[in-house]
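Structure first, then comments.
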Amino acid sequence: MPRDYPMVAPNYAAKRSELARSMGLGQQRSKAAQAKIAANDAVKTAPEKAPATRGRKKAA
């Protein structure tokens with residue numbers, strides 16, 4: 001088969017493409033959204049304190 005041979009029927013591919021576009025898939029993120037994500041990644045929060053253990057006490 002040639003490399004450009006369609007793997008699915010053209011009408012099926014068109015419907016799937018239309019569905020994906022209507023869901024907003026495959027779009028580039030806006031610069032504002034990228035900046036927001038970068039800001040969230042840059043902010044480091046202190047790790048939460050581990051809860052006190054409730055098991056046996058260690059022998060001294």
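Numbers for the structure displayed
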item: Residues being surrounded by 10 or more Cβ atoms within 10 Å (Cβ to Cβ) and not basic (Lys, Arg) - total across region 19-29; result: 2
item: Contacts under 8 angstrom Cβ, first residue in region 1-21 being assigned to a loop (DSSP other than H, G, I, E, B), partner surrounded by 10 or more Cβ atoms within 10 Å (Cβ to Cβ) and among the small types (Gly, Ala, Ser), 6 or more apart; result: Pro6/Ala13
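Each value in this text was obtained by applying a stated rule to the coordinates, not by laboratory testing. Since we're looking at a predicted model, the values are computed, not measured. Backbone-built Cβ (ideal geometry, glycine too); neighbour counts: all protein chains shown.
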